[in-house]
């Protein structure tokens, strides 16, 4: 889908080329270790495929590439808040235009850094000064680092998530371990819950796991692989699958889209804006996710 719909514009380096899709700038990465693609709209990674493996990241085949919308799939950057605690839902970073800061590459990885800074448009939504740096390190593994800096004179709070959609062969043959025992169930009026079992993807799931292990494993049995998700800077991990009814109601997702995806998100959760993570003037904080794949035994 990506290759067919993208229009080549220019070569930035031996491994990076700039394309466009419906007018949106897309950076295509083709290296000795992986294939990847990043939309500058949203600072949004939309593909990651290590050589010798199937795609790790899921992208909706009905995703809408428009300046007005977030892209369905990939890794949306939810910041400076997570969820519907303010408008737009999940913050403005995923619908903002990010700028290329720099890039470098070697035989092992391609590193690309993007930047988003406070502007008239962002201050209309959130009246704070900031600089956000998004670093993608793409090789046999994928690492995404979101670093935020308070460049203003007043403290502010933030929440957020690297809302990663993972490509799986079949949801009902997939289970997740390492998320922990305690979670808030968003489908049950944010009720606190406990579990002692691996999470099997066989129903609508929208959970905020509050004490996850550092590494969560997605057992993608249909593809005979395990996807390892190592998060840092987080206080929780969100796991989401819309299942049948919600998938059918979403215009940018196929009716059966839920069958081949699950979201496991590095999340800095807060119930509202005021209870987010505090960042003092001049300080910086970060949120990151690192993704690797191994064959299932």
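The values are calculated or read from the model by the stated rules, or taken from the named source; none is laboratory data. Keep in mind that this is a model prediction, so the values were computed, not measured. Cβ sites come from the backbone with ideal geometry, for glycine too, and all protein chains shown count toward neighbours.
Brief remarks follow.
- Subset of segment 109-118 [part of a loop (DSSP other than H, G, I, E, B) and farther than 14 Å from residue 80 by Cα]: 109
- Residues being part of a loop (DSSP other than H, G, I, E, B) and in contact with a helix residue (DSSP H, G or I) (Cβ under 6 Å, 6 or more places away or on another chain) - total across segment 61-80: 3
- For the criterion of being in contact with a helix residue (DSSP H, G or I) (Cβ under 7 Å, 6 or more places away or on another chain) and under 20 Å from residue 292 (Cβ atoms), residue 137 fails.
- Of the residues making up segment 224-238, one or more are buried (at least 20 other Cβ atoms within 10 Å of the Cβ), at pLDDT 95 or above and within 20 Å of residue 51 (Cα to Cα).
- Condition check for residue 123: modelled with pLDDT of 95 or more, out of contact with any strand residue (DSSP E or B) (no Cβ under 6 Å at 6 or more places or on another chain), farther than 19 Å from residue 137 by Cβ and not in a loop (DSSP other than H, G, I, E, B): yes
So that you can scan it fast, the table gives a plain yes or no per residue for (1) surrounded by 23 or more Cβ atoms within 10 Å (Cβ to Cβ); (2) in contact with a helix residue (DSSP H, G or I) (Cβ under 8 Å, 6 or more places away or on another chain); (3) over 22 Å from residue 168 (Cβ atoms):
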{"position": "6", "(1), (2), (3)": "no, no, yes"}
{"position": "23", "(1), (2), (3)": "no, no, yes"}
{"position": "35", "(1), (2), (3)": "no, no, no"}
{"position": "44", "(1), (2), (3)": "yes, yes, no"}
{"position": "83", "(1), (2), (3)": "no, no, yes"}
{"position": "101", "(1), (2), (3)": "no, no, yes"}
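- Segment 150-190, residues that are touching a helix residue (DSSP H, G or I) at 6+ places or on another chain (Cβ under 7 Å) and either closer than 29 Å to residue 223 by Cβ or free of Cβ contacts under 8 Å to residues at least 24 places away in the same chain (or both): 167, 168, 169, 170, 171, 173, 174
- Lone unmet requirement of (1) modelled with pLDDT of 95 or more; (2) under 20 Å from the mean Cα position of the chain (by Cα); (3) surrounded by fewer than 21 Cβ atoms within 10 Å (Cβ to Cβ) for residue 118: (2)
- Selection count, segment 1-47, where residues are over 19 Å from residue 72 (Cβ atoms), assigned to a loop (DSSP other than H, G, I, E, B) and under 20 Å from the mean Cα position of the chain (by Cα): 0
- Residues that are under 19 Å from the mean Cα position of the chain (by Cα) and either on the phi > 0 side of the Ramachandran plot or buried (at least 23 other Cβ atoms within 10 Å of the Cβ) (or both) do occur in segment 48-57.
- Filter pass, residue 144 being surrounded by 22 or more Cβ atoms within 10 Å (Cβ to Cβ), more than 27 Å from residue 81 (Cβ to Cβ) and either in contact with a helix residue (DSSP H, G or I) (Cβ under 7 Å, 6 or more places away or on another chain) or touching a residue at least 40 places away in the same chain (Cβ under 8 Å) (or both): no
- Across segment 81-108, the number of residues qualifying as under 24 Å from residue 124 (Cα atoms) and assigned to a loop (DSSP other than H, G, I, E, B) comes to 14.
- Failed item in (1) surrounded by fewer than 13 Cβ atoms within 10 Å (Cβ to Cβ); (2) on the phi > 0 side of the Ramachandran plot, with residue 198 passing the rest: (2)
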